[in-house]
Amino acid sequence: MVSNRLSAYAPQALAVLRVVAALLFFLHGTQKLFGFPAAEFAPPAFSIFWFAGVIEIVTSVLIAIGLFTRPAAFIASGTMAVAYWMVHAPGNMYPTNNAGDAAILFCFVFLYLVFAGPGAWSVSKK
């Protein structure tokens, strides 16, 4: 009975997950490109880290508003997989020790959005 009532709100819960994940992802991009919030380093223009920042900003905006959610989430998920294996994994085997847990979580949340779609409150309805 309770699960049936909760299931009725699944599209809205999916939309909240989509928007919150996108806003957090946006902050990762702005940190790389603009140093906000405060960053330890600024990547050189047109470096792999700079391109990652551009991808993070563009895909996060698309995902947040629910426009081209599936392809944007696919690109964002792949970017986070590459980030994990290129930057975090070589440092240590465990994600909690190599600071890669956020990259893994973003990767799989965005991969879920590829299959689930944007949910409620999106510019493009599925």
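Assorted remarks:
- Taking the conditions (1) touching an Asp or Glu at 6+ places or on another chain (Cβ under 8 Å); (2) among the polar types (S, T, N, Q); (3) closer than 22 Å to Tyr9 by Cα in turn, Thr79 satisfies each one other than (3).
- Residue in the stretch 20-40 that is free of Cβ contacts under 8 Å to residues at least 60 places away in the same chain, in contact with a Lys or Arg (Cβ under 8 Å, 6 or more places away or on another chain) and not in a helix (DSSP H, G or I) present: yes
- Exclusive hit being in contact with a Phe, Trp or Tyr (Cβ under 6 Å, 6 or more places away or on another chain) and either at pLDDT below 95 or exposed (fewer than 15 other Cβ atoms within 10 Å of the Cβ) (or both), set Pro71, Pro43: Pro43
- Across the stretch 41-67, the qualifying residues are those that are in a loop (DSSP other than H, G, I, E, B) and of a type in the set (A, V, I, L, M, F, W, C), and the one among them that is nearest to the chain's Cα centre (by Cα) is Leu67.
- Unmet requirement for Val16, which otherwise passes all of (1) closer than 28 Å to Ser122 by Cα; (2) assigned to a loop (DSSP other than H, G, I, E, B): (2)
The values are calculated or read from the model by the stated rules, or taken from the named source; none is laboratory data. Keep in mind that what you see is a predicted model, and the values were worked out from it rather than measured. A quick note on method: Cβ atoms are made from the backbone with ideal geometry, for glycine too, and the neighbour counts reach across all protein chains shown.
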